Amino acid sequence: MAKNYRAELVGVFGDPVDGNPTGVLEEAGFTALGLNYRYLTMKVTPEDFDAAMKSLKALNMKGINLTMPHKVTVLPYLDEISQAARIIGAVNTIVIREGKLIGDNTDGKGFVQALEREHTKPEGKAITILGAGGAAKAIAIECALAGASSVTIINRDEKKGQDLVHSILEHTSANAVFLPWTVHQPIPEGTDILINATPIGLHPHGDQKPDVDYHTIQSSMVVSDVVFNPPVTPFLKEAAARGAKTISGLGMLVCQGALNFTIWTGQEAPYEVMYQALLREFDEM
Ligand code: NDP
């Protein structure tokens with residue numbers, strides 16, 4: 001039989017993108033399953049985005065991830081879009097099938113799967129989210145679509161927070177409320193799942209934590225962070241000190257990477273291999 005030396009290409013377009021570790025976990029998955037796929041981490045500026053999108057078909061690529069600042073500007077290039085990505089208004093993953101660009105958003109789905117891996121479901125739960133940016137939006141919409149009873153958005157910028165609340169109310173059956181972020185913001189009573197969806201605590205500012213009243217975090221709460229570097233943030237340490245169950249942002253990152261892996265290859269992703277590869281990567285930093 002003739003050998004096939006051609007690699008199937010996937011990757012990510014972003015700017016800045018140098019610090020994006022997704023390639024580490026995707027490549028670990030491809031190696032583990034013996035797939036001849038390559039994940040390329042590519043700097044694409046907004047000026048070059050159109051040319052880069054046109055190259056997808058020219059290079060016969062299987063798909064691509066989009067990160068800052070391309071998650072919204074990519075929308076007009078798509079032939080099809082998933083329901084959640086349409087509501088969120090942003091796409092982080094494209095698969096190319098029969099010449100069609102099909103967009104999805106796996107950030108929020110990855111978050112919900114990471115919760116489920118820790119035996120926590122959004123269904124029937126009161127969710128409180130710090131932040132109203134891209135990650136917050138994806139998490140809020142997916143948790144609401146997964147049956148959360150309510151979503152409270154706490155954010156500095158009122159318009160962004162209110163817009164997200166309106167979107168949840170319009171497209172899902174969850175209740176939604178906006179709270180402006182005050183000094184030492186108390187966490188609302190009755191919160192079941194609390195999420196930091198801001199970049200506060202991200203390397204190289206790994207000593208920082210969101211300005212909330214940590215005495216209002218209860219041991220009954222599940223507390224999660226989108227920040228994955230460092231894997232255990234000061235926010236999670238404070239929550240753990242109050243007896244709350246904590247879930248790191250690494251789980252969300254690996255789960256969304258695993259979802260992308262399956263979308264592109266059609267194979268079940270080797271989650272544990274991918275997770276361990278990322279842990280090793282952060283250990284070495
Ligand atoms: P955005 O810039 O879209 O949103 C950032 C949000 O954080 C805004 O709501 C902003 O508030 C708020 N914020 C920022 N700084 C502060 C501060 N000092 N005090 C209070 N609020 C603040 O970013 P993204 O949502 O795209 O990303 C957020 C984080 O999520 C990043 O660290 C990213 O790496 C991480 N992420 C992790 C993923 C994972 O798989 N674990 C996946 C995707 C993202 P305001 O609106 O008032 O400006």
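The values are calculated or read from the model by the stated rules, or taken from the named source; none is laboratory data. Keep in mind it's a predicted model, so treat the numbers as computed, not measured. Cβ atoms come from the backbone with ideal geometry, glycine included; neighbour counts cover every protein chain shown. Areas reflect the complete protein model, heavy atoms only, side chains present, ligands, DNA and RNA absent. Shrake-Rupley method; radii C 1.70, N 1.55, O 1.52, S 1.80 Å.
Scan the strands (runs of 3 or more DSSP E) fully inside the range 128-203 and keep the ones with 1 or more residues being surrounded by fewer than 23 Cβ atoms within 10 Å (Cβ to Cβ) and among the β-branched types (Val, Ile, Thr). Reasoning before the result, please.
Details: elements: 150-155, 175-180, 193-196.
In the range 128-203, the matching strands (runs of 3 or more DSSP E) lie at 150-155, 175-180.
Restricted to the range 219-285, the set of helices (runs of 4 or more DSSP H) holding at least 1 residues that are acidic (Asp, Glu) comprises 234-241, 271-283.
Among residues of the range 160-181 that are within 20 Å of residue 198 (Cα to Cα), those with a Cβ under 8 angstrom from a residue that is open to solvent by 60 Å² or more (accessible area, probe 1.4 Å) and assigned to a strand (DSSP E or B), sequence gap 6+ or separate chain, pair up as 161/180; 165/177. Listed conditions (1) of a type outside the set (Asp, Glu); (2) open to solvent by 30 Å² or more (accessible area, probe 1.4 Å); (3) more than 30 Å from residue 146 (Cβ to Cβ) are all met by residue 44, apart from (2).
With the structure loaded, tell me whether residue 245 is surrounded by fewer than 20 Cβ atoms within 10 Å (Cβ to Cβ), in contact with a strand residue (DSSP E or B) (Cβ under 7 Å, 6 or more places away or on another chain) and either at pLDDT 95 or above or farther than 30 Å from residue 36 by Cα (or both) or whether it fails that test. Against the criterion (surrounded by fewer than 20 Cβ atoms within 10 Å (Cβ to Cβ), in contact with a strand residue (DSSP E or B) (Cβ under 7 Å, 6 or more places away or on another chain) and either at pLDDT 95 or above or farther than 30 Å from residue 36 by Cα (or both)), residue 245 qualifies.
Could you tell me whether the range 251-262 includes any residue that is touching a residue at least 40 places away in the same chain (Cβ under 8 Å) and more than 16 Å from the ligand (Cβ to nearest atom)? Looking through the range 251-262, none of the residues is touching a residue at least 40 places away in the same chain (Cβ under 8 Å) and more than 16 Å from the ligand (Cβ to nearest atom). One residue is enough: does the range 114-126 have a residue meeting the conditions within 17 Å of the chain's Cα centre (by Cα) and near the ligand (Cβ under 9 Å from one of its atoms)? Yes, because at least one residue in the range 114-126 is within 17 Å of the chain's Cα centre (by Cα) and near the ligand (Cβ under 9 Å from one of its atoms).
From the list 69, 76, 16, exactly one residue is touching a helix residue (DSSP H, G or I) at 6+ places or on another chain (Cβ under 8 Å) and not in a strand (DSSP E or B). Which is it?
69
Here is a list: 252, 221. Which entry is more than 16 Å from residue 111 (Cα to Cα), buried (at least 20 other Cβ atoms within 10 Å of the Cβ) and modelled with pLDDT of 95 or more?
On the way: 252 fails: more than 16 Å from residue 111 (Cα to Cα).
That would be 221, the only listed residue that is more than 16 Å from residue 111 (Cα to Cα), buried (at least 20 other Cβ atoms within 10 Å of the Cβ) and modelled with pLDDT of 95 or more.
When restricted to residues that are near the ligand (Cβ under 8 Å from one of its atoms) and farther than 14 Å from residue 188 by Cα, the range 127-176 contains 12.
Scan the range 204-240 for residues that are over 22 Å from the mean Cα position of the chain (by Cα) and under 17 Å from residue 185 (Cβ atoms) and the total you get is 9. Restricting attention to the range 224-232, does a residue exist that is in contact with a Ser or Thr (Cβ under 8 Å, 6 or more places away or on another chain), within 15 Å of the ligand (Cβ to nearest atom) and of a type in the set (Asp, Glu)? Yes, the range 224-232 contains at least one residue that is in contact with a Ser or Thr (Cβ under 8 Å, 6 or more places away or on another chain), within 15 Å of the ligand (Cβ to nearest atom) and of a type in the set (Asp, Glu).
Please indicate, with yes or no, whether at least one residue in the range 186-200 is within 9 Å of the ligand (Cβ to nearest atom) and touching a helix residue (DSSP H, G or I) at 6+ places or on another chain (Cβ under 6 Å).
The answer is yes; a qualifying residue exists.
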